[in-house]
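Asker: Please read through the structure below; I'll follow up with questions.
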Amino acid sequence: MIEEFVFDDSEERRRNRQNGTGWIEVIVGSMFSGKSEELIRRLNRARIARQKVQVFKPRIDERYSVEHIASHSGHRHESVAVATSDELMAAIEDGTQVVGIDEGQFFDPGLVQVANDLAGSGKRVIIAGLDQDYRGLPFEPMPQLLCIAEFITKTHAICVRCGNTANYSQRTQGSENRVEVGAADKYEARCRRCFVPHIDSSSI
Ligand code: ADP
Ligand code: ZN
């Protein structure tokens with residue numbers, strides 16, 4: 001069971017809601033691990049509870065429609081694409097209670113302060129993103145966001161090689177740039193044993 005179900009109904013959260021305290025939730029994992037699905041699920045529940053929700057994604061990621069965040073399994077939620085964390089902050093409207101952010105790893109370091117400011121002004125901030133890049137190195141600003149979050153969820157995929165728990169995004173083709181937008185055409189979910197931390201066509 002995803003821990004958020006537990007948090008959702010906990011006494012602690014009810015108290016937070018009553019006294020208007022905001023907080024930060026971070027959802028991290030490899031590609032195909034269900035981060036976007038889980039983010040969309042939480043946002044839908046907030047909307048059903050009639051809360052005012054705003055959702056953002058970085059403009060760099062144009063795999064899918066610009067007006068939506070989307071999961072690999074086809075779930076979608078309306079979103080606004082912004083180029084920077086400053087632009088995100090400037091787009092926050094009066095009365096917004098929940099702020100969802102997908103692909104947090106593609107934002108600038110300013111997202112850390114923005115998340116703190118939003119939570120400090122009483123909002124629930126939910127950020128999903130890759131915790132590691134294609135070499136298995138921490139993908140900023142996600143590590144910093146994990147540190148300041150009240151609640152953390154780690155999602156896992158299934159290793160396409162052996163069926164074990166996958167914690168890595170294997171790049172199977174493309175450049176050696178840190179940011180290389182793609183889905184199943186360029187990446188696979190792999191476990192620790194099957195992951196090759198660089199592009200090496202002989203061993204992939
Ligand atoms: P993320 O945001 O972490 O990349 P998504 O929420 O977009 O993940 O997609 C998760 C979905 O991807 C799963 O529900 C499943 O349908 C699909 N999927 C494709 N490959 C895998 C895999 N190797 N392991 C688990 N799910 C996978
Ligand atoms: Zn494996």
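Asker: Can you find even one residue in the stretch 126-133 that is among the small types (Gly, Ala, Ser), in contact (Cβ under 8 Å) with a residue 40 or more places away in the chain and within 15 Å of ligand 1 (Cβ to nearest atom)?
Answerer: Let us first name the residues in the stretch 126-133 that are among the small types (Gly, Ala, Ser), namely 128-129.
Filter again for in contact (Cβ under 8 Å) with a residue 40 or more places away in the chain, leaving 128-129.
Adding the requirement that they be within 15 Å of ligand 1 (Cβ to nearest atom) leaves 128-129.
Yes; the residues of the stretch 126-133 include at least one that is among the small types (Gly, Ala, Ser), in contact (Cβ under 8 Å) with a residue 40 or more places away in the chain and within 15 Å of ligand 1 (Cβ to nearest atom).
Asker: Now, a different point. Which of the strands (runs of 3 or more DSSP E) found entirely inside the stretch 120-183 contain at least 3 residues meeting this: under 30 Å from GLY22 (Cβ atoms)? So that I can check it myself, show each step before the final result.
Answerer: Values: elements: 124-130, 151-155, 168-171.
In the stretch 120-183, the matching strands (runs of 3 or more DSSP E) lie at 124-130, 151-155.
Asker: Quickly run through the stretch 143-167 and pick out the residues that are aliphatic (A, V, I, L, M) and farther than 19 Å from HIS72 by Cβ. Before you say what the answer is, go through the steps one by one.
Answerer: Filtering the stretch 143-167 for residues aliphatic (A, V, I, L, M) gives 145-146, 148-149, 152, 157-158, 160, 166.
Residues satisfying the conditions are LEU145, LEU146, ILE148, ALA149, ILE152.
Asker: Additional query: Output the qualifying pairs, or none if there are none: Cβ atoms under 8 angstrom, residues six or more apart or on different chains, first residue in the stretch 176-195 and within 21 Å of PHE106 (Cα to Cα) and within 16 Å of ligand 2 (Cβ to nearest atom), second residue among the polar types (S, T, N, Q) and not in a loop (DSSP other than H, G, I, E, B).
Answerer: What qualifies is TYR187/SER169; TYR187/GLN170; GLU188/SER169; GLU188/GLN170; ALA189/SER169; ALA189/GLN170.
Asker: Just to check your reading of the model, which residue among SER85, SER121, SER169 is open to solvent by 50 Å² or more (accessible area, probe 1.4 Å), on the phi < 0 side of the Ramachandran plot and either of a type in the set (Gly, Ala, Ser) or within 16 Å of ligand 1 (Cβ to nearest atom) (or both)? Show your work before the answer.
Answerer: Values: SER85 fails: open to solvent by 50 Å² or more (accessible area, probe 1.4 Å); SER169 fails: open to solvent by 50 Å² or more (accessible area, probe 1.4 Å).
It is SER121.
Asker: Among the numbered criteria (1) modelled with pLDDT of 95 or more; (2) within 16 Å of ligand 1 (Cβ to nearest atom); (3) not charged (D, E, K, R), which one does ALA184 miss?
Answerer: That leaves (1) as the condition not met.
Asker: Consider ALA128 against the criteria (1) modelled with pLDDT under 95; (2) surrounded by 16 or more Cβ atoms within 10 Å (Cβ to Cβ); (3) closer than 25 Å to GLU176 by Cα: it satisfies all of them except one. Which criterion is unmet?
Answerer: (1)
Asker: Can you pull out the residues in the stretch 152-166 that are near ligand 2 (Cβ under 8 Å from one of its atoms) and open to solvent by less than 40 Å² (accessible area, probe 1.4 Å)?
Answerer: Within the stretch 152-166, CYS159, ALA166 meet the criteria.
Asker: For the stretch 7-35, which positions are at pLDDT below 95, of a type outside the set (Asp, Glu), farther than 18 Å from ILE148 by Cβ and touching a Lys or Arg at 6+ places or on another chain (Cβ under 9 Å)?
Answerer: Matches in the stretch 7-35: ARG17 only.
Asker: Looking for whichever is without any contact (Cβ under 8 Å) to a residue 12 or more places away in the chain and over 19 Å from GLU38 (Cα atoms) here; the options are ALA83, ALA90. Which one fits?
Answerer: Numbers: ALA83 fails: without any contact (Cβ under 8 Å) to a residue 12 or more places away in the chain.
The match here is ALA90.
Asker: Working only within the stretch 88-107, note down all residues that are crowded, with 16+ Cβ neighbours inside 10 Å and not in a strand (DSSP E or B). Break it down stepwise before answering.
Answerer: Of the residues in the stretch 88-107, the ones crowded, with 16+ Cβ neighbours inside 10 Å are 88-89, 92, 96-107.
Matches in the stretch 88-107: LEU88, MET89, ILE92, THR96, GLN97, ASP102, GLU103, GLY104, GLN105, PHE106, PHE107.
Asker: From the list ALA83, ALA119, ALA91, pick out the single residue that is over 25 Å from ARG50 (Cα atoms) and out of contact with any helix residue (DSSP H, G or I) (no Cβ under 8 Å at 6 or more places or on another chain). Can you show your working first?
Answerer: Values: ALA119 fails: over 25 Å from ARG50 (Cα atoms); ALA91 fails: over 25 Å from ARG50 (Cα atoms).
None of the other options fit; the residue is ALA83.
Asker: Moving to a separate point now. With respect to SER73, is the statement that it is under 30 Å from ARG192 (Cβ atoms), within 11 Å of ligand 1 (Cβ to nearest atom), of a type outside the set (A, V, I, L, M, F, W, C) and at pLDDT below 95 true? Let's see the steps before the verdict.
Answerer: Numbers: under 30 Å from ARG192 (Cβ atoms): yes; within 11 Å of ligand 1 (Cβ to nearest atom): yes; of a type outside the set (A, V, I, L, M, F, W, C): yes; at pLDDT below 95: yes.
In short, yes.
The values are calculated or read from the model by the stated rules, or taken from the named source; none is laboratory data. In this text, all values refer to a predicted model and were calculated from it rather than measured experimentally. Positions of Cβ are backbone-derived with ideal geometry, glycine not excepted, and every protein chain shown enters the neighbour counts. Side chains are part of the model used for accessible areas, which takes the heavy atoms of the whole protein and leaves out ligands, DNA and RNA. Shrake-Rupley method; radii C 1.70, N 1.55, O 1.52, S 1.80 Å.
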